[in-house]
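Written out below as structure tokens is the structure these notes cover.
The values are calculated or read from the model by the stated rules, or taken from the named source; none is laboratory data. Remember, predicted model here, so these are calculated numbers, not experimental data. Every residue, glycine among them, receives a Cβ derived from its backbone with ideal geometry; neighbour counts consider all protein chains shown.
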């Protein structure tokens, strides 16, 4: 009977590329997502242009704030994916669309809560106008289906 066991070289030719891909995936995934911070995130600001200008001067430039004249305009920009969120300072409300990008929605909430804390104001009230589906609350099902 002939020996049908794989040779060490054959095993290495299969395992080495798979191991390299696995390590590369882990390296880039951890590198990209270990400490995400917002940079120039487009957001509508319902109110005076001075408020948007003040938000654009925040250290690290987390926001690209754009003044709009009404809440309806802001929500329309979210629907059209022109912005990731909208801030209404007079009502202390933040509108986000987690279905567009959950990480960005969370980052916006954290950013505005840091601003509120620095000004001794209450935490911002968040309304998710485009929530993720209840069966995929983190929005990762499609990503992991592709990776698998």
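Considering only the stretch 38-46, I want to know if a residue exists there that is within 19 Å of residue 126 (Cβ to Cβ) and at pLDDT below 90.
Scanning the stretch 38-46, I find at least one residue that is within 19 Å of residue 126 (Cβ to Cβ) and at pLDDT below 90, so the answer is yes.
Go through 56, 113 for me and flag whichever is at pLDDT 95 or above, within 30 Å of residue 135 (Cβ to Cβ) and either surrounded by fewer than 17 Cβ atoms within 10 Å (Cβ to Cβ) or touching a strand residue (DSSP E or B) at 6+ places or on another chain (Cβ under 6 Å) (or both).
Details: 56 fails: within 30 Å of residue 135 (Cβ to Cβ).
Every option except 113 fails the conditions.
Out of the stretch 81-101, which residues are surrounded by fewer than 20 Cβ atoms within 10 Å (Cβ to Cβ) and under 20 Å from residue 47 (Cβ atoms)? Give the derivation first.
Here is the first cut: in the stretch 81-101, the residues surrounded by fewer than 20 Cβ atoms within 10 Å (Cβ to Cβ) are 81-82, 89-93, 99-101.
Within the stretch 81-101, 82, 89, 90, 91, 92, 93 meet the criteria.
Under the condition of being under 15 Å from residue 112 (Cβ atoms) and assigned to a helix (DSSP H, G or I), the residues counted in the stretch 19-75 number 6. Checked against (1) part of a helix (DSSP H, G or I); (2) at pLDDT below 95; (3) under 16 Å from residue 42 (Cβ atoms), residue 108 meets all criteria but (2). Among residues of the stretch 116-129 being more than 14 Å from residue 55 (Cβ to Cβ) and touching a strand residue (DSSP E or B) at 6+ places or on another chain (Cβ under 8 Å), the one that is surrounded by the fewest Cβ atoms within 10 Å (Cβ to Cβ) is 125. Among all residues of the stretch 4-18, there is none that is touching a helix residue (DSSP H, G or I) at 6+ places or on another chain (Cβ under 7 Å), surrounded by 10 or more Cβ atoms within 10 Å (Cβ to Cβ) and either over 20 Å from residue 95 (Cβ atoms) or at pLDDT 95 or above (or both).
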